[in-house]
Every structure is written in C-alpha cells, then in structure tokens.
Amino acid sequence: MLGLKLPTDPRWVNIVEKDIDEILTDHAYCEQKAASTAISLIVNFPEYPELVQEMIALSREEMGHFKMVHDLILQRGSNLGRYRKDEYVIELMKFFPKGGDRQTQLVHRLLYAALIEARSCERFRLLSEELKDRELAEFYRKLMVSEANHYTMFLKFARSYGNREEVDHKWQDLLEYEAGIMKQLGKNVSIHG
C-alpha cells in the first residue's frame, strides 16, 4: 500500500530497543514538525480552502500525538531530550529543484509530506509488530493508522493540485530517491533515519 521501494530491515527494531528514550524523543519532535508543516501549508497556500481545512485538523492531531508521546516519556520516568536535526528529511528535501510556480512548489511539498508520513507509518507498523514491550507496541499500532491516513491525504492533494500523470511520475522518482537515502541512513535510532 505504501509503495516504499526499500522496506526497513526488521532488525532496526533491535537497535531501537536498546535506546527507547532516544526513539521516543525523536518521535516527539517528528510529531511537532508534522504540526509545523501543516501550519506552514496554511500560511503559504491560503487560497486552497479544502487544504487549509485539512491542515487545521492535521495540526491539532499532530500536536495531540506530540502530547501523547511526551506523556509516555514522562510516564517512563524520562524527560524530552533536546531537538536534533532529521538527516532523513534534510536529504529528502534536496530532491526537487527549488523555485518554480506556486502550484509546483505546493505539489512538491505535498509529495515530501506524503513520503515522510508513509515512512513513519511503515516504521510504526514494525514497532507495533516487533517491540517486546507490548504496551509500547500497541501505542505504535494506534499511531500507524493515523500515519496511513495522512500519507493518502497528502498524495490525494498533490494529485488534485497538479497534473495527475506528472505527479505520479514525480512520486515514483521520489520513492526511488528515498530508497537511496534509506540505504545510507536506515539503521539509526530515529523514526526516519
């Protein structure tokens, strides 16, 4: 369903289990950045009312997820760690050329968001199936469903605001590029990298 060209090696969960606090901190900041992305789309593309409405709802949902992860961190007797750069997203954002008309910029941002959500969904599925901590596994199972909905929403908007054939071609090219990123970064204790 997700179309990812390089699935995550299930052994990634073994790396994660050695530093659960680290993955939870990274996850919390991923949720915060997802909320920020939704707000940024509202600010930069207010002329798309359907998009604005969905992004309002998404920003609320993502901050709700941030709170859930933060609460989980506190329940586990830890604190939210410091913010760190997401090397995966930094590399991903290099794919499309900068500039172009507003509609092209919007389509590119929507495709980036769709792919980030798809990778999150895939990682959450792995965590839900492979983590030995069953409470944490169930937590990730619930979030996996949301991420799948976000992925399909962003892709649907990209296809509706751009030429469908061109958007689908860009999507496939982006998926191939992302697979290369995952070959390099796919073994880190982070949601994406």
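Checking the structure you have, find out if any residue of segment 72-79 is on the phi < 0 side of the Ramachandran plot, part of a loop (DSSP other than H, G, I, E, B) and touching a Leu at 6+ places or on another chain (Cβ under 9 Å). Yes, some residue in segment 72-79 is on the phi < 0 side of the Ramachandran plot, part of a loop (DSSP other than H, G, I, E, B) and touching a Leu at 6+ places or on another chain (Cβ under 9 Å). Taking segment 1-21 as the search range and keeping residues that are assigned to a helix (DSSP H, G or I) and charged (D, E, K, R), which one is nearest to E122 (Cα to Cα)? Among those residues, the one meeting the criterion is E17.
Selection of segment 127-163 for residues being aliphatic (A, V, I, L, M) and crowded, with 18+ Cβ neighbours inside 10 Å yields L127, L131, L136, L143, M144, A148, M153, L155, A158.
The residue list V69, V89, V52 contains one member that is in contact with a helix residue (DSSP H, G or I) (Cβ under 6 Å, 6 or more places away or on another chain), farther than 21 Å from Y161 by Cα and surrounded by 15 or more Cβ atoms within 10 Å (Cβ to Cβ), which is V69. A137 - would you say it is out of contact with any strand residue (DSSP E or B) (no Cβ under 6 Å at 6 or more places or on another chain) and more than 13 Å from I20 (Cα to Cα)? Against the criterion (out of contact with any strand residue (DSSP E or B) (no Cβ under 6 Å at 6 or more places or on another chain) and more than 13 Å from I20 (Cα to Cα)), A137 does not qualify. Just to be sure before I move on: is S120 closer than 17 Å to T25 by Cα and in a loop (DSSP other than H, G, I, E, B) in the structure I sent? No: the conditions fail for S120.
For segment 92-118, the candidate set comprises residues that are more than 22 Å from G193 (Cα to Cα) and hydrophobic (A, V, I, L, M, F, W, C); within that set, the residue that is surrounded by the most Cβ atoms within 10 Å (Cβ to Cβ) is V107.
Going residue by residue through segment 146-158, is there one that turns out to be in contact (Cβ under 8 Å) with a residue 12 or more places away in the chain, over 19 Å from A35 (Cβ atoms) and assigned to a helix (DSSP H, G or I)? Yes: segment 146-158 contains one or more residues that are in contact (Cβ under 8 Å) with a residue 12 or more places away in the chain, over 19 Å from A35 (Cβ atoms) and assigned to a helix (DSSP H, G or I).
Within segment 33-42, the set of residues being surrounded by fewer than 18 Cβ atoms within 10 Å (Cβ to Cβ) and either among the polar types (S, T, N, Q) or not in a helix (DSSP H, G or I) (or both) comprises S36, S40. A residue that is farther than 17 Å from Q32 by Cα, out of contact with any Ser or Thr (no Cβ under 8 Å at 6 or more places or on another chain) and at pLDDT 95 or above can be found somewhere in segment 53-69.
Yes or no: G77 surrounded by fewer than 19 Cβ atoms within 10 Å (Cβ to Cβ) and over 25 Å from G180 (Cα atoms)? Taking the combined requirement at face value, the residue satisfies it.
Pairing each residue of segment 159-184 that is in contact (Cβ under 8 Å) with a residue 24 or more places away in the chain and within 11 Å of L111 (Cα to Cα) with any residue that is of a type in the set (F, W, Y) and in a helix (DSSP H, G or I), provided the two are 6+ apart or on different chains, yields C-beta distances under 8 Å for L174/Y112. One residue stands out among those in segment 164-182 that are in contact with a Lys or Arg (Cβ under 8 Å, 6 or more places away or on another chain) and over 25 Å from V16 (Cβ atoms): the one that is surrounded by the most Cβ atoms within 10 Å (Cβ to Cβ), which is V167.
The values are calculated or read from the model by the stated rules, or taken from the named source; none is laboratory data. This one's a predicted model, so the numbers in the text were calculated from it and none came from an experiment. Virtual Cβ from ideal backbone geometry, glycine too; neighbours counted across all protein chains shown.
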